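Colleague: Here's a structure for you.
The values are calculated or read from the model by the stated rules, or taken from the named source; none is laboratory data. All values derive from a computational prediction rather than experimental measurement. For neighbour counting, all protein chains shown are included, and Cβ atoms are generated from backbone atoms with ideal geometry for every residue, glycine included.
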Amino acid sequence: VQLQASGGGLVQAGDSLRLSCQASKRIFSNNGMGWFRQAPGKEREFVAAINWRGADTDYENSVKGRFTISRDHAKNTVALQMNSLEPEDSAVYYCAAARSSGVTTTASGYAYWGQGTLVTVSS
């Protein structure tokens with residue numbers, strides 16, 4: 001398994017969750033990383049991305065100011081800190097490793113995908 005996401009769960013609106021994704025070093029070290037999500041009946045959408053160094057990030061508009069993406073090269077992990085969660089954030093969240101080293105916001109720019117972790121936010 002090259003990407004393993006964890007940390008999902010059932011929380012109430014306003015709560016926080018921290019998702020983590022363990023990656024193999026081969027696809028992590030020099031690659032941008034990202035998080036996407038897919039709610040039932042909807043297409044997969046971009047959530048957040050970070051470049052290989054961790055210096056540059058980008059976020060989907062609805063999560064700006066609430067979510068923070070970060071990466072730890074020593075542990076080969078990428079995290080998504082989610083604060084002030086809303087019911088609309090409920091989805092399966094996927095981590096992914098990009099084809100390039102930069103910030104990538106489109107799904108086609110990612111070569112490797114994790115299995116997903118479910119986040120459910122109750123109102």
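Colleague: For the structure I just gave you, tell me whether G65 is at pLDDT 95 or above, crowded, with 22+ Cβ neighbours inside 10 Å and not aliphatic (A, V, I, L, M). If you could, list the steps in order and put the result at the bottom.
Modeller: Numbers: at pLDDT 95 or above: yes; crowded, with 22+ Cβ neighbours inside 10 Å: no; not aliphatic (A, V, I, L, M): yes.
The answer is no for G65.
Colleague: Examine segment 60-77 for a residue that is more than 12 Å from V103 (Cα to Cα), of a type in the set (D, E) and touching a Phe, Trp or Tyr at 6+ places or on another chain (Cβ under 6 Å), and state whether such a residue exists. Give the steps one after another, and end with the answer.
Modeller: Taking segment 60-77 and keeping what is more than 12 Å from V103 (Cα to Cα), we get 60-68, 70-77.
Restricting the remaining residues to those that are of a type in the set (D, E) gives 60, 72.
So of that shortlist, the ones also touching a Phe, Trp or Tyr at 6+ places or on another chain (Cβ under 6 Å) come out as 60.
Yes, some residue in segment 60-77 is more than 12 Å from V103 (Cα to Cα), of a type in the set (D, E) and touching a Phe, Trp or Tyr at 6+ places or on another chain (Cβ under 6 Å).
Colleague: I need a count of the residues in segment 6-44 that are under 18 Å from G109 (Cβ atoms) and surrounded by 14 or more Cβ atoms within 10 Å (Cβ to Cβ).
Modeller: 13
Colleague: Hey, another quick one. State all residues of segment 103-115 that are buried (at least 18 other Cβ atoms within 10 Å of the Cβ) and of a type outside the set (S, T, N, Q); if no residue qualifies, say none.
Modeller: Correct list: V103, Y110, Y112, G114.
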